[in-house]
Amino acid sequence: MEIREYFKEIEKEVKRHYKEASEARKKGFDPSSEVEIPLATSLAERVIGLVSVLYPQINDKRVVVRIAELEKEHGSLNPAVALNIAEEIAKERFCKFSSHLEAIEAGIRVALGYLTLGYVSSPIEGFIQLKIKKTRDGNDFFAPYYSGPIRSAGGTEAAFSLVVVDYLRELFGYSKYDPTDDEVKRGVHECYEYHERITNLQYLPSEEEIEFLMKNLPVQLTGDPSEDKEVYNYKDLSRIESNFIRSGFALVMGEGIAQKAPKILGRIKKLREKGFKLSAWSWLED
């Protein structure tokens, strides 16, 4: 059997089983009368199918077609595809969302889903939400929230998701994050407490590394509390809602941006050559 015949046979059998499953569902013995799992024949369809769990309106064939067009322009799995599709979704080119913030969140999730091949839960469970907070001068900045499942994205894509968030921040004219000294110190201590009290990070940055990253990241890397242990120091900070250890924060900081900084810098340089602004990342050279 030739390879094409082999795949045609698989497709034929899958369709047959789906048809039988649909007939069985119509008998009314299951909670749903339809087969809930959609078929996906491409990366773009997998990604949109995954993210549509949160935003049903995004399940639009035009998004799939647009991703294919961007792949022809930039190449398959090129980070430029992720930034472009994130921008277009955030601008509500394909569908409307309940708010501007939700549109930006959807764009971030699709970009992360694309870079993780649509196979893992990180776009819907690892990246939790985006909040808009106030700088000390009263301007709006972005604060992406992460949780433990972001680990499934891998360190590089977890780190690059911050670049996606910042790209949209700069595109829509929001301010950069302005960390206080206590917020910086909280970040340092929390990474070490997660490593020592919860589970070992694959890469534990030095205190100097974490401090440098905390002072320069243009968005506030944060997360929901995930553990039953409070940090020992730097509690009750107004822009960090919880005193409990945040696994998502520690994972993206340690195994993400700190460990994968050289790869992220390489991507940013290539993206700048393509015309993407990304002006808030020059410090990564250091």
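Pairs meeting the criteria (first residue in the stretch 6-25 and over 12 Å from Thr41 (Cβ atoms), second residue small (Gly, Ala, Ser), beta carbons under 8 Å, at least 6 apart or on different chains) are Arg25/Ser32; Arg25/Ser33. Among all residues of the stretch 242-257, there is none that is among the β-branched types (Val, Ile, Thr), over 23 Å from Gln129 (Cα atoms), assigned to a helix (DSSP H, G or I) and within 17 Å of the chain's Cα centre (by Cα).
The C-beta contact set for the stretch 99-120 (first residue closer than 16 Å to Val53 by Cβ, second residue crowded, with 24+ Cβ neighbours inside 10 Å and among the acidic types (Asp, Glu), distance under 8 angstrom, 6+ apart or interchain) comprises Leu112/Glu157; Thr116/Glu157. Being under 16 Å from the mean Cα position of the chain (by Cα), among the small types (Gly, Ala, Ser) and within 18 Å of Ile124 (Cα to Cα) is a property that Ala80 lacks. Against the condition modelled with pLDDT under 95 and closer than 30 Å to Tyr55 by Cα, how does Asp224 come out, does it pass? Yes: the conditions hold for Asp224. Checked against the criteria, Gly266 counts as open to solvent by less than 60 Å² (accessible area, probe 1.4 Å), farther than 27 Å from Asp137 by Cα and either free of Cβ contacts under 8 Å to residues at least 40 places away in the same chain or hydroxyl-bearing (Ser, Thr, Tyr) (or both).
When the stretch 90-119 is limited to residues that are open to solvent by 40 Å² or more (accessible area, probe 1.4 Å) and hydrophobic (A, V, I, L, M, F, W, C), the one that is modelled with the lowest pLDDT turns out to be Leu117.
Residues that are under 26 Å from Val47 (Cβ atoms) number at least 3 in the following helices (runs of 4 or more DSSP H) confined to the stretch 138-238: 155-171.
One residue stands out among those in the stretch 237-263 that are of a type in the set (A, V, I, L, M) and surrounded by fewer than 21 Cβ atoms within 10 Å (Cβ to Cβ): the one that is farthest from Asp182 (Cα to Cα), which is Ala261. For the stretch 138-197, filtering for residues that are open to solvent by 20 Å² or more (accessible area, probe 1.4 Å), among the basic types (Lys, Arg) and closer than 13 Å to Gln220 by Cβ leaves 1. Taken over the stretch 55-77, the residue count meeting the criterion of being in a helix (DSSP H, G or I) and open to solvent by 30 Å² or more (accessible area, probe 1.4 Å) is 12. Being touching a residue at least 60 places away in the same chain (Cβ under 8 Å) and open to solvent by 10 Å² or more (accessible area, probe 1.4 Å) is the filter here, so list the residues in the stretch 200-220 that pass it. Hits for the stretch 200-220 are Phe212, Asn216.
For the condition touching a Gly at 6+ places or on another chain (Cβ under 8 Å), surrounded by 14 or more Cβ atoms within 10 Å (Cβ to Cβ) and closer than 16 Å to Pro205 by Cα, Leu284 does not qualify. From the list Ala80, Ala40, Ala86, the lone residue that is open to solvent by 40 Å² or more (accessible area, probe 1.4 Å) and touching a residue at least 40 places away in the same chain (Cβ under 8 Å) is Ala40.
The values are calculated or read from the model by the stated rules, or taken from the named source; none is laboratory data. The structure presented is a predicted model; accordingly, all values stated were derived computationally and were not measured. As a convention, Cβ positions derive from the backbone with ideal geometry for all residues, glycine included, and neighbour counts pool all protein chains shown. We work out accessible area using only protein heavy atoms, side chains counted, and drop any ligands, DNA or RNA first. Shrake-Rupley method; radii C 1.70, N 1.55, O 1.52, S 1.80 Å.
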